[in-house]
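Colleague: I'd like to ask you about the structure that follows.
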């Protein structure tokens, strides 16, 4: 027995053939199960594949030295797969999940809603993504991207035919609503799909509620309409933020100005994205906390004034206007975050939020601050264009309540 023990010490791999003692622990239902398990190559390989998918790693991560060392420490018997193997495993998971989802749509899913988005990339290529939303057998709200494809153009009929092909591929015909941006091309898309779904008896009722205009997109149009005459004030603040973020040296100098001003705010300066007003709000909301630091920077850095040219840095009036904008737009930002959420249903709260926004616009239209009042009037006009007549609104917004 002693000799056998010494052999095992010299050659640990021999232990694989020796029955080993394991601890027993209480499992489900009171049964005793083994606390240790033998090495399972398939389980380890599946775990690696899930790691790559869930954490969105590149396939080559499995060929990195750090990853190999980690695997060796966790399981010495494991040979890390190659990136080609991981790519193949990921594709196999995709195929299997697609088959399961198709089977679910065919047998267990009574109806789905669709959201669709089209855009043009910086390479001037058109793309379209289609997401389906549904309730699974456990009454959980789910969403799945069923198409991400290149499209030849953004014409309504072209997009409509593409969506139709996707629905046929997945075996989907019962569609309750299609949520799209507010463009004329999408009106053509919905009209085309309404005719096709009607032929398949896939509409809910006569299809009067099929077209759901994206509330977040319309709210973006409402806010941008209110801000269009305030571009000069916003432009000056945006330029100030851009100056600070243009080089590490300028950022360092600005940090000194913050310390001299004893500003305790921990927010970070960020630039906005032209097509998303909520990013504009975040930029202004952060910048107003550092007004004193920006004013100090004017005296500390000679290049700061030169950066603005003839217009000069933002004045006290510009900062006051921006501060009023931020206070006014807070409710709109909160509503946009709710409407844009992809992890929870927002239909049941949409009507309440739209009513709250209407009250805010009516109140601000009477504001003593002329700038805010004019913004409120412009935004109210745009709001009324889409939601002023409750009869013309999609009735499902009321059913959601």
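Colleague: Condition check: assigned to a loop (DSSP other than H, G, I, E, B), under 24 Å from the mean Cα position of the chain (by Cα) and surrounded by fewer than 17 Cβ atoms within 10 Å (Cβ to Cβ). Does residue 182 satisfy that? Spell out the reasoning first.
Modeller: Values: assigned to a loop (DSSP other than H, G, I, E, B): yes; under 24 Å from the mean Cα position of the chain (by Cα): yes; surrounded by fewer than 17 Cβ atoms within 10 Å (Cβ to Cβ): yes.
In short, yes.
Colleague: Let me ask another. Output the residues belonging to region 64-83 that are over 30 Å from the mean Cα position of the chain (by Cα) and either outside any helix (DSSP H, G or I) or surrounded by 13 or more Cβ atoms within 10 Å (Cβ to Cβ) (or both).
Modeller: Listed by number, the residues that qualify are 68, 71, 72, 75, 76, 77, 78, 79, 80, 81, 82.
Colleague: Among the residues of region 201-224, how many are surrounded by 14 or more Cβ atoms within 10 Å (Cβ to Cβ) and more than 30 Å from residue 308 (Cα to Cα)?
Modeller: Residues flagged as surrounded by 14 or more Cβ atoms within 10 Å (Cβ to Cβ) and more than 30 Å from residue 308 (Cα to Cα) within region 201-224 amount to 15.
Colleague: Can I ask one more? State all residues of region 146-177 that are more than 24 Å from the chain's Cα centre (by Cα), over 15 Å from residue 197 (Cβ atoms), in contact (Cβ under 8 Å) with a residue 12 or more places away in the chain and surrounded by 13 or more Cβ atoms within 10 Å (Cβ to Cβ); if no residue qualifies, say none.
Modeller: Selection gives 155, 156, 157.
Colleague: Another question, then. For the structure I just gave you, tell me whether residue 132 is within 18 Å of the chain's Cα centre (by Cα) and surrounded by 15 or more Cβ atoms within 10 Å (Cβ to Cβ).
Modeller: Judged against the criteria, residue 132 is a match.
Colleague: Further, regarding this structure: Inspect region 349-363 for any residue being surrounded by fewer than 19 Cβ atoms within 10 Å (Cβ to Cβ), at pLDDT below 85 and closer than 23 Å to residue 220 by Cβ and give the result as yes or no.
Modeller: Looking for residues that are surrounded by fewer than 19 Cβ atoms within 10 Å (Cβ to Cβ), at pLDDT below 85 and closer than 23 Å to residue 220 by Cβ, one finds at least one in region 349-363, hence yes.
Colleague: Another question about this same structure. Within region 124-161, can you find the residues that are out of contact with any helix residue (DSSP H, G or I) (no Cβ under 9 Å at 6 or more places or on another chain) and under 20 Å from residue 101 (Cβ atoms)?
Modeller: 129, 131, 133, 135, 138, 139, 140, 141, 142, 143, 145, 148
Colleague: Residues in region 307-314: is at least one modelled with pLDDT of 85 or more and either closer than 23 Å to residue 256 by Cβ or not assigned by TED's automatic domain parsing to the domain that holds residue 244 (or both)?
Modeller: yes
Colleague: Let me ask something additional. Out of 91, 105, I need the residue that is in contact (Cβ under 8 Å) with a residue 60 or more places away in the chain, in a helix (DSSP H, G or I) and either in contact with a helix residue (DSSP H, G or I) (Cβ under 9 Å, 6 or more places away or on another chain) or surrounded by fewer than 15 Cβ atoms within 10 Å (Cβ to Cβ) (or both). Which one?
Modeller: Values: 91 fails: in contact (Cβ under 8 Å) with a residue 60 or more places away in the chain.
Going through 91, 105 in turn, just one is in contact (Cβ under 8 Å) with a residue 60 or more places away in the chain, in a helix (DSSP H, G or I) and either in contact with a helix residue (DSSP H, G or I) (Cβ under 9 Å, 6 or more places away or on another chain) or surrounded by fewer than 15 Cβ atoms within 10 Å (Cβ to Cβ) (or both): 105.
Colleague: Right, next: Which residues, taken from region 323-352, are farther than 20 Å from residue 283 by Cβ, free of Cβ contacts under 8 Å to residues at least 60 places away in the same chain and over 15 Å from the mean Cα position of the chain (by Cα)?
Modeller: 347, 348, 349, 351, 352
Colleague: Next question, about the same structure. So residue 385 fits all but one of (1) over 25 Å from residue 320 (Cα atoms); (2) modelled with pLDDT under 85; what number is the exception?
Modeller: (2)
Colleague: In a loop (DSSP other than H, G, I, E, B), over 30 Å from residue 182 (Cβ atoms) and not assigned by TED's automatic domain parsing to the domain that holds residue 340: is that true of residue 50 in this structure?
Modeller: When the stated conditions are applied, residue 50 does not pass them.
Results for (1) at pLDDT 90 or above; (2) in contact with a helix residue (DSSP H, G or I) (Cβ under 6 Å, 6 or more places away or on another chain); (3) surrounded by 18 or more Cβ atoms within 10 Å (Cβ to Cβ); (4) in the same structural domain as residue 297 (by TED's automatic domain parsing), shown as yes or no for each residue.
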{"residue": "226", "(1), (2), (3), (4)": "no, yes, yes, yes"}
{"residue": "229", "(1), (2), (3), (4)": "no, no, no, yes"}
{"residue": "233", "(1), (2), (3), (4)": "no, yes, yes, yes"}
{"residue": "241", "(1), (2), (3), (4)": "yes, yes, yes, yes"}
{"residue": "244", "(1), (2), (3), (4)": "yes, yes, yes, yes"}
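Colleague: Is it the case that region 272-289 has a residue that's touching a helix residue (DSSP H, G or I) at 6+ places or on another chain (Cβ under 9 Å) and more than 22 Å from residue 332 (Cβ to Cβ)? If you could, list the steps in order and put the result at the bottom.
Modeller: Filtering region 272-289 down to residues touching a helix residue (DSSP H, G or I) at 6+ places or on another chain (Cβ under 9 Å) leaves 272-278, 280-288.
Adding the requirement that they be more than 22 Å from residue 332 (Cβ to Cβ) leaves none.
Within region 272-289, none of the residues are touching a helix residue (DSSP H, G or I) at 6+ places or on another chain (Cβ under 9 Å) and more than 22 Å from residue 332 (Cβ to Cβ).
Colleague: Which of the residues belonging to region 185-221 are in a helix (DSSP H, G or I) and in contact with a strand residue (DSSP E or B) (Cβ under 9 Å, 6 or more places away or on another chain)?
Modeller: 185, 186, 187, 189, 190, 191, 193, 194, 197, 215, 217, 220
Colleague: If residue 238 meets every condition in (1) under 17 Å from residue 118 (Cα atoms); (2) not in a loop (DSSP other than H, G, I, E, B) apart from one, which number is that one?
Modeller: Of (1) under 17 Å from residue 118 (Cα atoms); (2) not in a loop (DSSP other than H, G, I, E, B), only one is false for residue 238: (1).
Colleague: Can I ask one more? Taking residue 123 as the residue in question, decide whether it is part of a strand (DSSP E or B) and farther than 26 Å from residue 207 by Cβ. Walk me through it before giving the result.
Modeller: Values: part of a strand (DSSP E or B): no; farther than 26 Å from residue 207 by Cβ: yes.
No.
Colleague: If I ask for residues that are over 14 Å from residue 286 (Cβ atoms) and assigned to a helix (DSSP H, G or I), which ones from region 256-276 would you list?
Modeller: 256, 257, 259, 260, 261
The values are calculated or read from the model by the stated rules, or taken from the named source; none is laboratory data. Keep in mind it's a predicted model, so treat the numbers as computed, not measured. Positions of Cβ are generated from backbone atoms using ideal geometry, with glycine treated the same way; all protein chains shown enter the neighbour counts.
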